[in-house]
Amino acid sequence: MTHREKTITWQDPTDALDAMPGLSGIEYLRKMQAGELPGAPIAAHAAMQLAEVGEGTVTFVSEPDESHYNPIGAVHGGLVCTLLDSALGCAAHTTLPAGVGYTSIEIKINYLRPVTKESGPLIVNGRVTKPGRRVAFAEGEVLDKHGKVVATASSSLLIFPLG
């Protein structure tokens, strides 16, 4: 058996969390994208980077590797779900004013094709289909390096005041 090892590093999220209440969602995510605030630590585990931020939309890029494999040699569906949950949640966040946060209420994933390390980079798009003051709705998809859709998702997100 060949042993493999992976080291995951991330920045302390304290500065970002401290800044969040004073920034609108889109300002907050754009500062993360620009490197002015540290990204979410989960991004290091999921090998994802925030590529684009717009009003009601976000795009992540993720580079899966063998450390994301399940027992049958495909990227675990949990990674794909994490990517979609992140993109849909962040898309909703772009529509929120300062002092307001969100959390997933539910998410439905459709897995359409297997994903391996050769599938990447994966492009993960999230977009708001209905913003709201109490609940927002979003949908998105994951595309492989050939532009083929490997998974889709829809989600509802609870909107609430921070603090």
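Bear in mind these aren't lab numbers, they're just calculated from the coordinates by the rules spelled out. Remember, predicted model here, so these are calculated numbers, not experimental data.
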What are the aspartates and glutamates whose alpha-carbon lies under 16 Å from the alpha-carbon of residue 108, with same-chain residues fewer than 8 places away excluded? 85, 139, 141
Report, by chain and number, residues whose modeled amide H sits under 5 Å from the one on residue 24, excluding near sequence neighbours (fewer than 5 apart, same chain). 98
Sequence order, region 136-147: Karplus ³J(HN,Hα) from phi using 6.51 cos²θ - 1.76 cosθ + 1.60, θ = phi - 60°, Hz rounded, Gly and Pro as x, gives 10, 10, 9, 9, x, 8, 10, 10, 7, 5, 9, x
May I ask for the angle, rounded to the nearest 10°, between helix 77-93 and the longest principal axis of the chain, with both axes built from Cα atoms and the value confined to 0 to 90°? 20 degrees
